[in-house]
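Input: a single structure, listed below in structure tokens.
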Amino acid sequence: MDKQATAQPYPWYDDRVEAVRKEYVDPWAEAEESAEEPTWYTPREIYNYLDGKVWKQDEAKRAVSVTMYQCLHGIKSNAMFIGPSGCGKTHIWRCLQKLYPNRIEIADSSNLTQDGWRGNKKWTDLLRSPIFRAGYHTILVLDEADKMLAPKFSYSQNVSQNIQSEGLTILEGACVEIKIDSVIHTVDTSRISFVLCGAFSNKARSVAERDSGSRIGIGADPKPVQPYARPLGEADFIEFGVMPEFLGRIQKIVHLEPMTEEDYYRMTDSSFSLLTHIQEQYKASIRLTPQKRRELAELACRTGLGVRGMANQIRQLVDNAIFDDCECRCFEF
């Protein structure tokens with residue numbers, strides 16, 4: 001890559017936008033970098049913070065803001081966030097975790113196993129983080145929760161139901177003993193709000209197929225119903241394999257919107273762009289032409305890989321450029 005060429009202004013890039021960005025001061029930057037817990041913001045203020053970092057998903061941002069506010073004021077509220085891959089279910093909580101690192105823990109629950117079975121992740125293992133022993137009200141985000149809840153059979157047993165049964169008292173609130181380095185700690189889960197994030201993609205597709213079939217007939221719209229066109233209801237989750245007792249301990253179910261190709265396109269050039277994290281990772285400036293942005297957006301939409309897919313593609317482009325010139329810190333694709 002020609003260094004002199006990359007140093008010149010790009011013909012499609014508006015220098016006025018760059019000037020505005022240089023003058024802009026993020027009002028939340030100091031709070032994110034501070035080691036102390038920030039002031040207890042109102043739900044609206046928390047929403048405004050998320051609104052500058054998360055694309056669309058207004059309902060989800062409002063729900064997260066209220067859940068966080070309740071946590072800060074000692075109110076336990078379990079929730080489930082449902083939406084297709086790459087729509088921002090976990091990303092919302094990662095953004096808020098930067099503001100409240102001592103209040104939010106995010107864990108992968110896809111490989112959770114029941115007590116007595118082989119595996120290094122049980123319900124109690126999810127509670128090993130020191131934030132749960134600090135005396136605060138906290139939030140545990142269980143990512144890939146649909147993988148944990150999906151029926152799994154072994155020796156004629158539904159392992160998933162056993163896992164859910166073991167989690168009932170923990171979700172409800174109980175004192176649980178956790179052994180860490182030969183020391184036994186007691187964690188009070190009544191001070192923990194559990195948030196389950198999952199795509200439930202198979203169920204969303206089956207519901208869409210069923211709804212499409214019900215529209216067949218005279219005067220019916222021949223256009224098929226798309227997955228996630230309507231929110232999944234409690235009956236859908238129970239049909240999926242979630243125990244009614246488990247679902248009854250979830251106070252709110254939040255649905256996130258599927259992203260469109262236009263959404264993905266705009267996300268590659270916005271104030272809360274996915275480029276920000278990649279640029280910080282590589283300590284470099286990355287700019288995408290409109291053509292490349294459109295290619296990435298089309299790929300993200302067509303493959304269903306979403307934002308993760310776009311981020312992986314951008315990293316691959318940077319890696320290839322670094323191979324040719326590892327000193328370059330300004331990239332255009």
Amide H partners (placed H, <5 Å) of Ile178, local residues excluded: His185, Thr186, Val187
Relative contact order [Cα under 8 Å, 6+ residues apart], the range 56-173, whole percent: 25 percent
Normalised contact order of the range 235-324, rounded percent, pairs of Cα under 8 Å and 6 or more residues apart: 27 percent
Cα→Cβ-extended label distance, 7 Å offset, between Ile180 and Glu295, nm: 4.7 nm
Candidates per chymotrypsin sites (Phe, Trp or Tyr not before Pro) in the range 133-230, loop by DSSP, up to 14 other Cβ within 10 Å: Tyr155
Low-density loop positions, trypsin sites (Lys or Arg not before Pro), the range 48-133 - DSSP coil, at most 11 other Cβ in 10 Å: Arg118
From phi via Karplus (6.51, -1.76, 1.60), per-residue ³J(HN,Hα) for the range 313-328 in Hz, x at Gly/Pro: 5, 5, 4, 5, 4, 5, 4, 5, 5, 5, 4, 7, 8, 6, 8, 5
For the range 130-201 and the range 317-333, distance of Cα centres in Å: 43 Å
Local electrostatic count at Pro101 - Lys and Arg +1, Asp and Glu -1, tallied over other residues with Cβ under 13 Å: -2
Under 5 Å, built H, 5+ apart or other chain: amide partners of Glu332: Arg287
Accessible area of the range 177-331 divided out per residue, in Å², using a probe of 1.4 angstrom: 55 Å²
Set of lysines near Lys252 by C-alpha distance (under 30 Å), chain-local residues within fewer than 8 positions excluded: Lys53, Lys56, Lys61, Lys76, Lys89, Lys98, Lys121, Lys122, Lys147, Lys152, Lys203
Nitroxide proxy distance, nm - points 7 Å out along Cα→Cβ at Lys252 and Ser201: 2.7 nm
Net length gained if the chain between Ala284 and Glu36 were fully extended (0.36 nm per residue, minus Cα distance): 86.4 nm
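The values are calculated or read from the model by the stated rules, or taken from the named source; none is laboratory data. Everything quoted here is computed from the prediction, not taken from an experiment. Here the Cβ is made from the backbone with ideal geometry for all residues, glycine too, and neighbour counts use every protein chain on show. Quick note on the areas: whole protein, heavy atoms, side chains included, nothing else; ligands and nucleic acids left out. Shrake-Rupley method; radii C 1.70, N 1.55, O 1.52, S 1.80 Å.
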